[in-house]
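Here is the structure we will look at.
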Amino acid sequence: MSTSWGYTELNGPHVWPEMYPQAAGQRQSPIDIVTDKTQQSSDLKQNPLRWTYIPENTRSLVNPGYCWRVDVNGKGSQLTGGPLNDEIFILEQFHAHWGCSDRRGSEHTVDGESFAGELHLVHWNQTKYKSFAEAAGQPDGLAVLGVFLKVGRPHPELDTIAKLLPFITHKGDKVTINKPMDPANLLPATKAYWTYHGSLTTPPCSESVTWILFKEPIEVSHDQLELFREMRCYDAREDCPCDDSLHKTFEYGKVVNNYRPPLELGNRELREFGGH
């Protein structure tokens, strides 16, 4: 069976609230970051964001049918500081969103501008909760580092993933990552970021995420993005939904345009740390 939700005209973001009521909430993500409406916060300066990851604990690359995802053994990884105060969050997985062209694909936008893609490093609050599943249902349970992708030079760390993607072409495929991979190398050199309280951008759209979006994008090559776009959204045992007009967002059954459009910030606070 195909996923009950997706990014097509039939099952895309506009109908998610019918299946997942939280998707219609007041704390949804992504948003458009309007830079002249952000607020500088002195507390973010006093307590810098800090992270540690264990490259050997990056385990497997999976095709869940709507993106690629790297699953991680979070033992020893740690994200703390900044808007998270002194609570410790550990890495669960990281994944990406992208478009059918290099001009769009990010979920968050900045002053209305899209990027070629967006990486999400998903962490859960180990200080307060016993598991990712428990944390995902709590307002302060998750923290996601968001990194914009722009087209430029090939990214060495993402190349490890790109080269393995032909082995996980279809939904449900999974491959072991045999070489150590450091998620810290996916983060930009400049640590300036925006932060706000939001949700997961895929169903069930749980309103449990502290978002930390780096202002500086990282570069990824056009060829690397093309490998992302070759992934398929269906199981190898299923017929390709190529001729199904309801799946035309996923061109020829490929995983493209797997991003949710921005939603209203509403009365939420959007804070920033560091310059543009």
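The values are calculated or read from the model by the stated rules, or taken from the named source; none is laboratory data. Please read all numbers here as calculations on a predicted model, not as lab measurements. With ideal geometry, Cβ positions are generated from the backbone for all residues, glycine too; neighbour counts draw on all protein chains shown. Heads up: the accessible areas ignore ligands, DNA and RNA and are worked out on the full protein's heavy atoms, side chains in. Shrake-Rupley method; radii C 1.70, N 1.55, O 1.52, S 1.80 Å.
Some points to look at:
- Single residue of LYS191, LYS171, LYS150 found to be in a loop (DSSP other than H, G, I, E, B), within 26 Å of GLY12 (Cα to Cα), touching a residue at least 60 places away in the same chain (Cβ under 8 Å) and among the charged types (D, E, K, R): LYS171
- When the criteria are applied in full, SER208 fails the requirement of being among the small types (Gly, Ala, Ser), within 20 Å of THR169 (Cα to Cα) and modelled with pLDDT of 95 or more.
- Strands (runs of 3 or more DSSP E) contained entirely in segment 37-123, each with at least 1 residues that are of a type in the set (Gly, Ala, Ser): 58-62, 89-98
- Residue in segment 112-119 that is open to solvent by 10 Å² or more (accessible area, probe 1.4 Å) and touching a residue at least 60 places away in the same chain (Cβ under 8 Å) present: yes
- For segment 20-78, filtered to residues that are of a type in the set (Val, Ile, Thr) and surrounded by 20 or more Cβ atoms within 10 Å (Cβ to Cβ), the residue that is nearest to LEU225 (Cα to Cα) is VAL70.
- Residue list for segment 200-220, restricted to those being within 14 Å of GLN138 (Cα to Cα), out of contact with any strand residue (DSSP E or B) (no Cβ under 6 Å at 6 or more places or on another chain) and among the polar types (S, T, N, Q): SER206
- Inter-residue pairs, beta-carbon under 8 Å, first without any contact (Cβ under 8 Å) to a residue 24 or more places away in the chain and in segment 127-147, second outside any loop (DSSP other than H, G, I, E, B) and open to solvent by 10 Å² or more (accessible area, probe 1.4 Å), 6+ apart: SER131/TRP124
- Residue count for segment 146-179, restricted to those that are out of contact with any strand residue (DSSP E or B) (no Cβ under 7 Å at 6 or more places or on another chain) and within 21 Å of TYR53 (Cβ to Cβ): 8
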